[in-house]
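K.L.:
Please find one structure pasted underneath; my questions will follow.
Taken together, the values in this text are just the output of simple stated rules run on the coordinates, not laboratory data. Since this is a predicted model, take the numbers as computed values, not measurements. Note that we place each Cβ from the backbone using ideal geometry, even for glycine, and neighbour counts take in every protein chain shown.
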Amino acid sequence: MPVPSPFHPRTADLCTSLAWKSWAGIFAVEHFGTCHEREYYALRHTAAMIDVTPLYKIDLTGPDAAKLLARVTSRDITKLDVGRCTYLCWCDDDGMLLDDGTVTRLDDEHFRLTAAEPYFHWFESHARGVDVELSDTSARIASLAVQGPRSREVVAAALEPEFQSALRTLPFFGALAARVRGFDCVVTRTGYTGDLGYELWTANEFALELWDAVDLAGFAHGLLPAGLSALDVSRVEAGFILAGVDYTSARDAAIPAQKSSPYEVGLGWTVELDREDFIGRSGLAKSRSNPHRRATVGLVLDWNELERLFEAEGLPPELPSTAWRGGVPVYSASGQVGRATSGVWSPTLKQNLAIGMVGRSHAKVGTKLEMEVLVEYQRLRISATVSKRPFFDPPRKRFTPKNSPSSSHSSPSGELV
Amino acid sequence: MKQSASKSYDAIIVGGGHNGLVCAAYLARAGRKVLVLEKRHLVGGAAVSEEIFPGFTYSVCSYVVSLLRPWIIRDLNLVEHGYQTIPLECSFSPYPDGRSLCRWSDADETRREISRFSTRDAEIYGTYGATMARLAAFAKPIIDSPAPQPASLDPRELLQLFRLGKNLRDLPADLLEQELGLMTMSAVDFLDAWFESDQLKAPMACSGIIGTFQGVRSPGTAYVLLHHYMGEIDGAFRSWGFARGGTGGVSNAIASSAQAFGAEIRTSAGVDRMLVANGKCGGVVLDSGEEIRARTVISGVDPRLTFMGLVGSEHLPDEFVKELTRFRYRGSSGKVNLALDRLPEFACRPGSSAHLRGDIAIAPSIDYLERAYDEAKYGKFSRRPYLNVVIPSLVDSTIAPPGKHVMSCFVQYAPYDLEGGAERWPEQREAFGDTVIDTLEEYIPDLREIILHRQVLTPWDLEQEFGLTEGNIFHGELSLEQLAFLRPVSGWAHYKTPINNLWMCASGTHPGGGIMGAPGALAAKAMLKSGAL
């Protein structure tokens, strides 16, 4: 049985659908009401808050904390400024991808790492001869994502007044040590929706106060609590990969072919090779210089073809309303060249999208491939065009106002795309 | 001397244990006329369910299934004949300090349970399981085919050996290292390389010692850890289950299948000796004096009983006898079966029964287990033994009256060679039973009050009643030097014996013990292939 998150008393009251799932052994809402749609539209048009406590968290403190993170992860963390976050990944000794996550520099000697899977002892086991204190804070820190075009106003209003201006000018991937109703709360401008958004981190005991503060602040902005179904639609639109879905961690791979290098899953840009030795570096150097086997791509599926296939059966086209996960074959003229692992009909882009891994020679943007679809119990194919990720990338995601207007109706954050 | 001339059989199978029955079924399926002779009043051997106390069915000896080969289940239509399994949901271990650990099928929940003892172990536990499962997958072909004969020049043997060699060569480097460790290390040394918490390692190490006269720190015990990862139910590896109606349910299904194929089964028909003359076996003589002849005789009992008991060593080559004598049995376990008035409650987890629906290990620490072994080394049963307890009536309604329960306790160590001689066991039997109850009472304080009936089986009983030499539940220890082409005697690992027309088909042959059925099936196939039948 999963266990409740610190926000559970609030989410349980609101979750009238009783649609729960287990996320890392913690109860997580799939959708609060009958379906996820209004939660998704809140994410894209107003704001939504999502309990993301099940993320694994590791706090690293001490003079060598940056050094340890640089040794274990793909990035030279020593260069990360205080008050900044970065996205990165970490690999096994052969340079095969284990997991991806973020690192925030809270202080000169205090970092916080997030991970999809438990890796505390992986980091700890590499902390030999360095002056670092590691602490697995997964079960002690509650995390609340506030995402969407109005999230800036919502979060600002939830903070104590003296932090509101700093929040409004907090840049993309910035971090702010703030206070809410008298308790400490770290705010990072990060998220998994590919939109303007923040994640709020506080000690478990303040979780309900934080929820209430955000809820109250969000009332005027149309904030809704959202579940994982809405989040998953937005993460596919954002083109983000998910460990265990779009790639297999080298730790879980049953055969070598299931492992991937960061280059194969599209995380090559997070790998900083030209620096002091780090875990997996020589393997990564090989992966970079040798033509690697596969590449992760975005696919836009042809709607007209799909519609015609349904039409041939006398049916209107039908698509699942939620994002799908699985392993669907992807073909070129010569045969199967890969698989699609996530997909969704994007209500915002009005496009049928998928994320998949294909042979490297088929990964160029514009390449015409085919993906299998199931139409009235028949396995058929439709065209799938390799396209750039993110599929959905609104300017408001990165845009930060120079000063701190009390209202931002005229700023790009009010625009849809 | 009576003689039953009315019938002539292609094969007589001595012993109606599950392997004898599997062998009979395969031979009957191939159109051979087969007779199974069982000494007891019911078939199953050590895989048997009996209503010892009215209303309560005990799995008298073996108590869980997993290793029964899936291809045997399919070949013999066992499901049609009543074979049903119910999965064990978890593994529960209580500790004297009031804490406890339950390992569930839910990985996240297991991680949470383990992290109360060690967060490091919790993080790595899933990887350990995956690694063992991968290793077991490499080893699986070995238990599904006859043992390779490394000294043979037969091209078929060489091909088989080559395949296994290739299998091993294809192991990734990290797995090869683990594999070599498994072949040589003790269970504790092997687990030490993975885990730090005693509370986790102790119950895990137990699968390395079950049925052997070794301690968890004895080299070679790591291999048996892997043996337990080869189990599979419904294609899911590493899962164990209860057979509905007790483990006798497995034997009954096989017997029913064998009969449907035309095999004949006679119970209460103990074999006194085999008819051997001029190096050939021509039939058997029953305890009643009845003589039955057949083209071949197949032994479904263990090698010692077969050759020393039923054939007679005077008919055998010296070297063979010498090796047979060296083959180690050294039964180390007993069994206590209880009928309970109600569900027992563990003091450390009151008010719930979810954690009791799997197996329960009384193995609180490595030292506890090693100490239990120490006592056995010097001829005493462990004062505080390792117990593997199951309460199958929680998930199977057919074996106890409503609200009442059956509790099965596998007990180790109970050395066959008790101080003063094995024949002293009958006078020690109740004291041995008391030890088990005393041990359990430390975790279930009111256990004594709810016991309606108790059955105690010592290694001596296993030998006298079930024909298991020295009470060894595997027909000879499962240690590396007694496996594969060395089981039971090198050069004689392919079910043949030095006596013409006499074959072996039980756990004393490759691939060994457990309710696996592979020896019986592989023996039948070997006989049919060689033209012996």
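K.L.:
Grab the eigenvalues of the alpha-carbon gyration tensor for the range A:49-197, scale each by 5, take roots, and send me the semi-axes largest first in whole angstrom.
P.N.:
Whole-Å semi-axes of the equivalent ellipsoid: 27, 16, 14.
K.L.:
Suppose only helical runs count, i.e. DSSP H with n ≥ 4. What mean residue ellipticity at 222 nm does that imply for chain A under -39500 (n - 2.57) per run, divided by all residues and rounded to the nearest 500 deg cm²/dmol? Write out the running numbers ahead of the final one.
P.N.:
Numbers: 10 runs with 87 residues, N = 417.
Calculated at 222 nm, the ellipticity per residue is -6000 deg cm²/dmol.
K.L.:
Cα-Cα over 28 Å: which of A:Lys57/B:Lys140; B:Lys39/B:Lys404; A:Lys259/B:Lys166; B:Lys335/B:Lys377; B:Lys166/B:Lys525? Please report the intermediate quantities before stating the final value.
P.N.:
On the way: A:Lys57/B:Lys140 39 Å; B:Lys39/B:Lys404 32 Å; A:Lys259/B:Lys166 23 Å; B:Lys335/B:Lys377 19 Å; B:Lys166/B:Lys525 24 Å.
Pairs exceeding 28 Å: A:Lys57/B:Lys140; B:Lys39/B:Lys404.
K.L.:
Still on this structure: How about the range A:209-288: which trypsin sites (Lys or Arg not before Pro) there are in a DSSP loop, with at most 16 other Cβ atoms within 10 Å of their Cβ? Walk me through the intermediate numbers first.
P.N.:
Values: sites: A:Arg235, A:Arg251, A:Lys259, A:Arg275, A:Arg281, A:Lys286, A:Arg288; in loops: A:Arg251, A:Lys259, A:Arg275.
Listed in order of number, the matching sites are A:Arg275.
K.L.:
A follow-up question, please. What number, rounded to the nearest 500 deg cm²/dmol, is the helix-based mean residue ellipticity at 222 nm of chain B, given -39500 (n - 2.57) per DSSP H run of at least four residues and division by all its residues?
P.N.:
Working: 16 runs with 177 residues, N = 533.
Mean residue ellipticity, 222 nm, calculated: -10000 deg cm²/dmol.
K.L.:
By what distance, in whole Å, do the Cα atoms of the protein assembly as shown stretch along each of the three principal axes, largest value first?
P.N.:
112, 64, 56
K.L.:
For chain B, state what percent of all Cα-Cα pairs lands in each successive 10 Å bin, counting from 0 Å until the bin that includes the largest distance.
P.N.:
Bin by bin from 0 Å, the calculated values are 4, 19, 30, 27, 15, 4, 1, 0.
K.L.:
Also, I was wondering about something else. Please give every one of the lysines within straight-line cross-link reach of B:Lys529, meaning a C-alpha to C-alpha distance under 21 Å, and leave out same-chain neighbours fewer than 8 residues apart.
P.N.:
Straight-distance partners of B:Lys529: B:Lys33, B:Lys280, B:Lys496.
K.L.:
Which loop GluC sites (Glu not before Pro) in the range B:166-263, with loop taken from DSSP, have no more than 16 other Cβ atoms within 10 angstrom of their Cβ?
P.N.:
Working: sites: B:Glu177, B:Glu179, B:Glu196, B:Glu232; in loops: B:Glu196.
Those that pass, being in a loop and sparsely packed, are B:Glu196.
K.L.:
Would you list, by chain and number, the lysines whose Cα falls below 20 Å from the Cα of A:Lys364, excluding same-chain residues fewer than 8 positions away?
P.N.:
Output for A:Lys364: A:Lys388.
K.L.:
So, one more: Starting from the Cα of A:Lys21, draw a straight line to each of the aspartates and glutamates and keep only those under 12 Å, dropping any in the same chain fewer than 8 residues away.
P.N.:
A:Glu30
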